[in-house]
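The values are calculated or read from the model by the stated rules, or taken from the named source; none is laboratory data. These numbers come from a predicted model, not from an experiment. When we count neighbours, we look across all protein chains shown, and the Cβ atoms used for this are built from the backbone with ideal geometry, even at glycine. Note: areas computed on protein heavy atoms with side chains; ligands, DNA, RNA excluded. Shrake-Rupley method; radii C 1.70, N 1.55, O 1.52, S 1.80 Å.
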Amino acid sequence: MGVPPELTVWQKIVTTVRRRRRGSGFWFGLAIAVIWPFVVFGTRLGWRGAEHLPRTGGALLVGNHVSFSDPIFDIAFGTAHGRIPRFLAKGELWSVPVVKWVLGHGGHIPVYRSSKRAAESFTGSIDALARGEIVAIYPEGTYTRDPGHWPMKPKNGVARIALRSGAPVIPMANWGTQDFLPADGRPTPFPRKRVTVALGPPVDLSEFAGKPLTKTTLDAATAKIMDAVTGLLEELREETRPATTYDPEARPRPEAPGEPLDPAERAAG
């Protein structure tokens, strides 16, 4: 389907007026209101696939991760079309002043890695889906380390949540956000960046229904989900994915001095 057209100024104004506000909570709602003009009017934003976002009921929104700003644009997409995504974010952020109020009151889900509380992100996601929420996940766990910005090897926690909950899995692709907010964490708003978000139809995971949630099953289901995500990204980029998926554990990429990791590390690992 290619690259979606850039939203017109009028479309952006209408979207701003009609975007969903109910259910965001005060602090999260305030954060959205403050950031919204920079995201919607400060970029050459385009999106498509809103018809695939369920209007009611729980669903998993699964995307690639190329920038720390991905959640900002994905929240803009969701609220513009009547849904507020709830993200998985590392538990340490719940101890940061202001940030913890935004995340907590926004209904987001903490991820406690390598601790006794690690399973809480799984149960928190299942509970949120049962309440009819949209839960957004980036299975790569951090923004990609692939030199070409293609999705790298994902974690299979997304499949565990999907298969255990039975919620529909909506693939999502982000592109251009890495130019708006590069890996070094320094925003580059000028000249205005072309940013695109696309959603695809739900991923058919019926072949895994009723199977034990073994590593083999979870890896296969995760691969199918990420194949759909990468397919959308190919359309946005108008390019073909590499023949092999980058694995940072098998082929670690040397980090540039002082290069930060993604502070959110949103994942369902």
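Structural remarks
- Axial C-alpha extent at least 18 Å, average Kyte-Doolittle at least -1.0 - helices from the chain (DSSP): 215-237
- In this structure segment 137-246 gives 44 Å² per residue of accessible area when probed at 1.4 Å with all protein chains present.
- Looking at the chain, the DSSP beta bridges with both ends there are about 15 percent antiparallel.
- Packing rank of 91-104, 132-145, 174-187, where each peptide gets the mean count of other beta carbons within 10 Å, highest leading: 132-145, 174-187, 91-104
- Anisotropy class of segment 34-137 from Cα gyration tensor, a/c 1.5 cut: oblate
- In terms of its alpha-carbon gyration tensor, the chain comes out rounded; the largest-to-smallest axis ratio a/c stays below the 1.5 threshold.
- Put simply, the amide H of Gly82, placed in the peptide plane, has neighbours under 5 Å in Arg20, leaving out anything fewer than 5 places away on its chain.
- Computed over the chain with a Gaussian network model linking Cα atoms closer than 10 Å, the most mobile of Pro37, Pro202, Pro151 is Pro37.
- Highest mean first, the peptides 241-250, 121-130 sorted by other C-beta atoms within 10 Å per residue fall in the order 121-130, 241-250.
- A 1.4 Å probe, protein heavy atoms only, puts the accessible area of Ile13 near 70 Å².
- Percent accessible area from carbon and sulfur atoms, the chain, protein chains only, probe 1.4 Å: 60 percent
- Descending by average beta-carbon neighbour count within 10 Å, the peptides 44-50, 21-27, 206-212 line up as 44-50, 21-27, 206-212, the highest first.
- Shape category assigned to segment 168-218 from the gyration tensor of Cα positions, a/c cut at 1.5: oblate
- With all protein chains in place and ligands, DNA and RNA left out, the 1.4 Å accessible area ranks Val3, Val169 as Val3, Val169, largest first.
- Relative contact order computed over the chain (Cα-Cα under 8 Å; 6+ residues apart), in percent: 28 percent
- Helix-only mean residue ellipticity at 222 nm for the chain, each DSSP H run of n ≥ 4 adding -39500 (n - 2.57), per residue, nearest 500: -9500 deg cm²/dmol
- Summing Cβ point charges (Lys, Arg +1; Asp, Glu -1) relative to the Cα centre of segment 19-126 gives a dipole of roughly 200 debye.
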